[in-house]
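So the structure is just underneath, and the comments pick up after that.
The values are calculated or read from the model by the stated rules, or taken from the named source; none is laboratory data. Computed from a prediction, not measured in an experiment: that's the story for all the values here. All Cβ positions, even for glycine, are placed from backbone atoms using ideal geometry, and neighbour counts span all protein chains on display. With ligands, DNA and RNA removed, areas are computed over all heavy atoms of the protein, side chains included. Shrake-Rupley method; radii C 1.70, N 1.55, O 1.52, S 1.80 Å.
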Amino acid sequence: MSALLRTERLTRRFGGITAVNVCSIEVRQGSITGLIGPNGSGKTTLFNLITGIYRPDGGDVYVRNRRVTGLLTHQICHLGISRTFQITRLFWDLTVLENMIVPVRQVGLRPLVGPGIYRHEQERAMALLERVGLSHLAGQPARKLSFGQQKLLEFAAVLMADPELVLLDEPAGGVNPTVIRFMMDFIRGLNRDGVTFLVVEHNMEVVMELCDHVLVLDQGQKIAEGPPQVIQADPAVLDAYLGI
Ligand SMILES: Nc1ncnc2c1ncn2[C@@H]1O[C@H](COP(=O)(O)OP(=O)(O)O)[C@@H](O)[C@H]1O
Ligand SMILES: [Mg+2]
């Protein structure tokens, strides 16, 4: 399998902290790759570097062997890479349906102000909402959703751009077991349809069950990688992460 996404010696500092430290990773096309590590190990910063929210102090990002370092977020999105945020970013006073449309507009396909929602957008949004069990709430403001429903909405909205690679930042964080189970089945179904995933997740059961390959970060560096069963038994990983 070839690498859909690759970082090479990626580095990012914040003042005296090196959040991501000469970090080289690969996400293989068609995989569900896990990204784990203790709090503060640089997982979210790595996502921010990949998606163009931050610029690296060193190193490069490649998508399908094309160097994309320094591209803007909407340009990265046009390359087929979308992400969710650890802290959900919804527009509370917009409806569930409108929240599905906003990301498409933000990547520059069409301004948000304009002649309403196109029918094909609405149809796609409703089909996705149906798949995550939220279609009956399409007309409700997002603030009325439960926490789990917010996570599902953000996930569905990411799919509006029809991404090839989805970066998920703690999809199961704070979500109840039923929703976690649903998310995992949903991710697997999308993966069977060809979507590649890079998933940051603290719930180790989810990581072990879902991922076919796991990367471990500690203090901004990749300290281990391999199949979940191997990672689970790796002394360096246990020391850095599972032990705490
Ligand atoms: N915007 C920022 N400004 C300053 N420090 C930051 C910023 N973002 C992250 N950091 C620091 O970088 C380190 C890695 O953070 P983060 O990438 O959020 O880790 P993780 O997602 O693995 O918990 C932490 O020490 C964090 O405090
Ligand atoms: Mg984080």
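Per residue, the chain exposes 47 Å² of solvent-accessible protein surface, assessed with a 1.4 angstrom probe and all protein chains in place. Pairs of Cα atoms nearer than 8 Å and 6+ residues apart set the relative contact order; for the chain it is 27 percent. Near Arg12, once Lys and Arg are set to +1 and Asp and Glu to -1 for all other residues with Cβ below 13 Å from its Cβ, the sum equals +2. With a Förster radius of 35 Å applied to the C-beta separation of Asp185 and Ala233, the computed FRET efficiency comes to 0.85.
For the chain, the Cβ-based charge dipole about the Cα centre amounts to some 680 debye (Lys, Arg positive; Asp, Glu negative; other atoms uncharged). Based on DSSP, what percent of beta bridges with both residues in the chain are antiparallel, to the nearest 5? Around 55 percent antiparallel, to the nearest 5. Scattering from the C-alpha atoms of the range 51-95 alone, worked out with Debye: what is log10 I(q)/I(0) at q = 0.22, 0.29, 0.34 1/Å? For the requested q values the scattering log ratios are -0.82, -1.11, -1.24.
At 1.4 Å probe size, with the rest of the protein present, what percent of the exposed accessible area of the chain is carbon and sulfur atoms?
Of all accessible area on the chain, carbon and sulfur atoms account for 51 percent.
Given q = 0.17 Å⁻¹, what are the Debye log10 I(q)/I(0) values for the chain, with equal point scatterers placed on the Cα positions and solvent ignored? Evaluating at q = 0.17 Å⁻¹ gives log10 I(q)/I(0) of -1.31. Helix 177-192 and the longest principal axis of the C-alpha atoms of the chain enclose an angle of approximately 90°.
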